[in-house]
Amino acid sequence: MGGLPRYTPPMLTNFHTHCEFCDGKATAAAMADAARRAGFSILGFSSHAPLPFVTRWTMKQASLGDYVDAIRGLGRTHGPDMRILVGLEVDSIEGLCGPADGRFDGAGLDYRIGSVHFVLPDGAPAPTPEALDETGEPTFGFTVDESEEKFDDHLSRFYDGDAEAMVDDYYAAVAACARAGGFDILGHFDLVRKNNRGQRRFSEEGRRYRDAAMAAVEAVAESGAIVEINTGGMARGKTDSPYPAAWILRELKARGVGVCLNADAHETRHLSAHREDGLRAAAAAGYDRLTVIGPDGRFQVELG
Ligand SMILES: [Zn+2]
Ligand SMILES: [Zn+2]
């Protein structure tokens, strides 16, 4: 992490911002206005990138150009007081699509978040754009951040209720995403915790869980990507701590992995939500600075 310029605190940054181009609840302009009022120095937009099939929560392929134009326009409106970056949160679905597959190379993005939402159970159909049921839901797997009701239904249907097998698949997918690369920031490292409050569905302390997560830690450390400390699960009342868990953050720190602090905001009031918890988590893991992205590349911000 040496050699990067350091900026003095306080500097508010967020690189994980959704808006009405995907499943965000506010317009991009409203998100930018709220961030400006809150004193952010850098705001990065990261709409869910289009997938090779239609969903309710990702951007439509036809909207990509309008999205980039709209965010660039906001950059002109707010610059230079607040720098606005254009990014995408790109799903990694092994065998189907991912940040490294070049689909967005021509979009003129400033950065990409690589995220795993889908698990691909053994025995399910191979992931293809056509592997959808009559309601348009994929038959090749499911998203671990869906509602608890759907999550339980999918766990029993695809895994016969074996949540630990699902966890293995989730972290294998994170490791595969990291090995494939093509992104700057790894999104919500342990999103699989979202539907596990109180460790109701699986233990996060057992050997099996830790081994699965550690394989992903090693792959992410090799990738050179920044890992986000993501407070979105806390803001939505789903977790009591940011992603990643404290012990994972310590393992990342031990391997020299840089971290940034992101809200994963889908509405304006979440832009700074649980920011203090995120900063405390970084400090507790031994970090004294964040690694963030500016218009000219990565730099470091002191925690203060
Ligand atoms: Zn996500
Ligand atoms: Zn997100």
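Derivation of every value follows stated rules applied to the coordinates shown; laboratory data play no part. As the structure is a computational prediction, the values presented were derived from the model and not from experiment. For neighbour counting, all protein chains shown are included, and Cβ atoms are generated from backbone atoms with ideal geometry for every residue, glycine included.
Annotations
- Qualifying GluC sites (Glu not before Pro) for region 192-236 [loop in DSSP, other Cβ within 10 Å: at most 14]: GLU205
- Of all DSSP beta bridges in region 6-302, antiparallel share, percent nearest 5: 30 percent
- Karplus-derived 3J(HN,Hα), 6.51/-1.76/1.60, for each residue of region 220-229, Hz, glycine and proline x: 5, 4, 5, 6, x, 6, 7, 9, 8, 8
- Loop-resident sites, region 71-144, for GluC sites (Glu not before Pro), counting at most 12 other Cβ within 10 Å (DSSP): GLU130, GLU134
- Global form of region 163-213, assessed from the alpha-carbon gyration tensor, a/c cut-off 1.5: prolate
- Working note: 222 nm ellipticity from helices only, DSSP H runs with n ≥ 4, each -39,500 (n - 2.57), summed and divided by the residues of the chain, gives -10000 deg cm²/dmol to the nearest 500.
- With the Kirkwood sum run over all distinct C-alpha pairs, region 63-130 has a hydrodynamic radius of 14.0 Å.
- Rounded to whole numbers, the Karplus 3J(HN,Hα) couplings from phi for region 135-142 are 8, x, 7, x, 9, 8, x, 8 Hz, using 6.51 cos²θ - 1.76 cosθ + 1.60 with θ = phi - 60°, and x at Gly and Pro.
- DSSP-loop trypsin sites (Lys or Arg not before Pro) across region 133-201, with at most 16 other Cβ within 10 angstrom: ARG200
- Spacing of the two label points (7 Å from each Cα toward its C-beta) at SER147 and LEU132, in nm: 2.0 nm
- Other residues within the sphere of radius under 14 Å centred on the Cβ of ALA165, judged by their own Cβ, net out at -4 (K and R +1, D and E -1).
- GNM top mover of PHE189, PHE40, PHE151 - the chain, alpha-carbon springs below 10 Å: PHE151
- With a Förster radius of 51 Å applied to the beta-carbon distance between ASP162 and ARG280, the computed FRET efficiency rounds to 0.90.
- Amide H contacts of PHE15: GLY44, ALA263, each under 5 Å away and 5 or more positions distant or on a separate chain (H built 1.01 Å from N in the peptide plane; Pro and chain starts excluded).
- Amide hydrogen neighbours beyond the local backbone of GLY294, cut-off 5 Å, H modeled: PHE299
- Seen from a random direction on average, the alpha-carbon convex hull of region 6-302 projects onto 14.1 square nanometres.
- Residue-wise HN-Hα couplings along region 44-54, as the Karplus relation 6.51 cos²θ - 1.76 cosθ + 1.60 with θ = phi - 60° gives them from phi, are x, 8, 9, 4, 4, 5, x, 9, x, 9, 7 Hz; Gly and Pro carry x.
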